[in-house]
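> I'd like to ask some things about the structure below.
Nothing in this text is a laboratory measurement; each read-out follows from the coordinates by a stated rule. Note that the coordinates shown come from a computational prediction; the quantities given were computed from them, not determined experimentally. With ideal geometry, Cβ positions are generated from the backbone for all residues, glycine too; neighbour counts draw on all protein chains shown.
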Amino acid sequence: MNLEKINHALEEFCKENEVKLFEVSYHKNDQTLSVLLDEKLNMDELEEISNKLSAYLDRYEDEFEDNYFLDVSNVGAERPIRNEDELKKAIGEYIYVKTKDSEYYGTFKSYCNGVISLDTKEKNRTKNVSIEYKNTKKVRYAVKF
């Protein structure tokens, strides 16, 4: 599959349909093309976009080696933070950070010289944790309960 060509087609589709594309990925193991939209859409709107997108992608069937499943969804409240620019915009938010050895939930206090500073709760006490961004495996917004 030429994911670059498909990604370009998806960008054009989104522009035509006035929705913002967040991320596209293809999972070979289950032959799923996942399309994440950066929109607040209800289930009916999401279904409508999914049906339109499916018909639109039929034009590119030669780009797919096999049949595939199309998964269209919203990014949601726990959206990934994919890079340092997005990370800087999340200061003050409640986030989740995963490293090789640990997982943290906390209020994102600052980002300086490649280090994330979080205020976490541990046994009803606030604890400040510093994590080097280069050592993170996953960073995303989190819902606080």
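> Tell me the angle of helix 43-57 to the major Cα principal axis of the chain, expressed in degrees between 0 and 90 and rounded to the nearest ten.
Once rounded, the angle reads 50 degrees.
> Which of the aspartates and glutamates could a cross-linker bridge to LYS98, judged by Cα under 13 Å and excluding same-chain residues fewer than eight apart?
Partners found: GLU132.
> If you don't mind, there's one more thing I want to ask. Suppose every K and R has +1 on its Cβ and every D and E has -1 on its Cβ; what is the size of the dipole of region 3-74 about the Cα centre, in Debye to the nearest 20?
Roughly 140 debye for region 3-74.
> Using only helices, what value at 222 nm comes out for the chain when you add -39,500 (n - 2.57) per DSSP H run of length 4 or more and divide by the total residues, to the nearest 500 deg cm²/dmol?
Value at 222 nm, helices only: -7500 deg cm²/dmol.
> Cut-off 19 Å, label point 7 angstrom out along Cα-to-Cβ of SER54: give me the residues of region 61-105 whose amide nitrogen falls inside.
Answer for this model: 61-74.
> Also, quick follow-up: Give me the distance between the Cα centres of region 1-28 and region 57-124, rounded to whole Å.
Here the two parts' Cα centres lie 19 Å apart.
> In the neighborhood of GLU45, defined by Cβ-to-Cβ distances under 12 Å, what is the net charge if each Lys or Arg adds +1 and each Asp or Glu adds -1?
Residues close to GLU45 contribute a combined charge of -3.
> On to the next question. Multiply the residue separation of ARG82 and ASP44 by 0.36 nm, subtract the distance between their alpha-carbon atoms, and state the gained length in nm to one decimal.
Taking ARG82 through ASP44 to full extension adds about 10.9 nm, to one decimal.
> Rounded to whole Hz and in sequence order, give me ³J(HN,Hα) for region 132-141 from the Karplus expression 6.51 cos²θ - 1.76 cosθ + 1.60, θ = phi - 60°, writing x for Gly and Pro.
Values per residue, Gly and Pro as x: 6, 4, 5, 9, 7, 9, 7, 9, 8, 5 Hz.
> By how many degrees, 0 to 90 and rounded to 10, does the Cα axis of helix 3-16 deviate from the longest principal axis of the chain?
90
> So how do SER34, SER54 line up by other beta-carbon neighbours within 10 Å, fewest first?
If I rank by nearby Cβ atoms, fewest first, I get SER54, SER34.
> In debye to the nearest 20, how big a dipole does the chain give about its Cα centre with +1 on each Lys and Arg Cβ and -1 on each Asp and Glu Cβ?
1460
> Next question. Going down the list LYS52/LYS137; LYS40/LYS89; LYS40/LYS134; LYS88/LYS121, which pairs span over 24 Å between their C-alpha atoms?
As for pairs spanning more than 24 Å Cα to Cα, those are LYS52/LYS137; LYS40/LYS134.
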